[in-house]
Every structure is written in structure tokens, then in C-alpha cells.
């Protein structure tokens, strides 16, 4: 089913994709891609860490998609585009032999036990015990876990503030979580 060009901005993603595949007209695909331009640009900026590289990647992804799009059965364009854009950025980083940043879009809730311990609904005794356990942690663990759980900072934010490597931040938080769990279990005995 082909829609009139006057309604192109009112069409759903599925309608635009179908119209592009039926006609090959770039205005349909251009409208569809433009809807997600901020998503693609933000993702590229996060991975490539340069405005210029992110802008180049946005254009390269568009150019890659045009010949590629009819080879896939796309159910949800936004999800598919996100995956293609992420893979493009990772490929760029690999080709430049740069460090691949941790994907912070994944829901990183390090430990439900620790998050539960930090919940405002817990009683004063548990919070007091948790604070004592946090103070016993080695400094890098203490600093990282406080920023992550109490200040809601991402791994990348913590790395920027502390100058620790992102991999180290993740390790500090994982070790702190394990140490806190052990400490809290001892406090409960």
C-alpha cells in the first residue's frame, strides 16, 4: 500500500518501511531514518566520543542501510536500527584499535541485595550496618560503590570523576558488592 507524499510525516514506521520497500523512494526511508536521527547520533557519540566521528557515522550508517534494508525482515525498525548503529560503532572502534566502552544502556543493577539494602524503606538498623560496612571497604571500592548506588552515576561517569579505568570501576563495584554482602551477613549474625 503506497501513501501520498503529503501524509508522509503522519505515516507509521511500518508504513514508511513498507512504502520504501515497495517503491524504492528515498523520501520514505529518509523520513523513517530522520525520526531516529537523535537516537543514532547519541549512540554514535557515546561510543565514538567525538562529535565529528559521530556525525560521520550517522551519514555512513544511512548510506549502509539503503542497499541493506531490503535484505532483512524487519519487525521493529527502531530496534533494528539501534543494533545496526551499535554494530557500526563497535566496528569503527575495532578498526581503530580503540577501547570499546561499556554499554551503559543495558540495565546494570549490580546486585538486587545491595540495592534493596539502600532502599529508603529499610529500617535504620540495616542502613546503619550498611554504612559501617561501606566504611570498611578499600577506598576505590568505597568511592565507586557510593557513586554508583547513592549518586546514581554510571561506570563512565565514575571513571571520568575518579580517573579509574572503566574496567576497574566495574571490578571495584563487583568486589564491593560481594564484600558488602559478606559484611551484612556477619552483621546479621
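A short reminder: the numbers here are calculations on the coordinates, not readings from a lab. Please read these numbers as outputs of a predicted model, since none were measured by experiment. Reconstructed Cβ throughout: ideal geometry from the backbone, glycine too, with neighbour counts over all protein chains shown.
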**OP:** Work out the FRET efficiency for residue 73 and residue 131 from their Cβ-Cβ distance, taking R0 = 45 Å, and round it to the nearest 0.05.
**Re:** 0.25
Subject >> FRET efficiency estimate (nearest 0.05) - Cβ-Cβ, residue 181 to residue 36, R0 35 angstrom >> reply: 0.30
**OP:** Return the whole-Å distance between the Cα centroid of the range 127-148 and the Cα centroid of the range 13-60.
**Re:** 43 Å
Original post:
Among 148, 62, what is the fewest-to-most ranking by other Cβ atoms within 10 Å?
Top reply: 62, 148
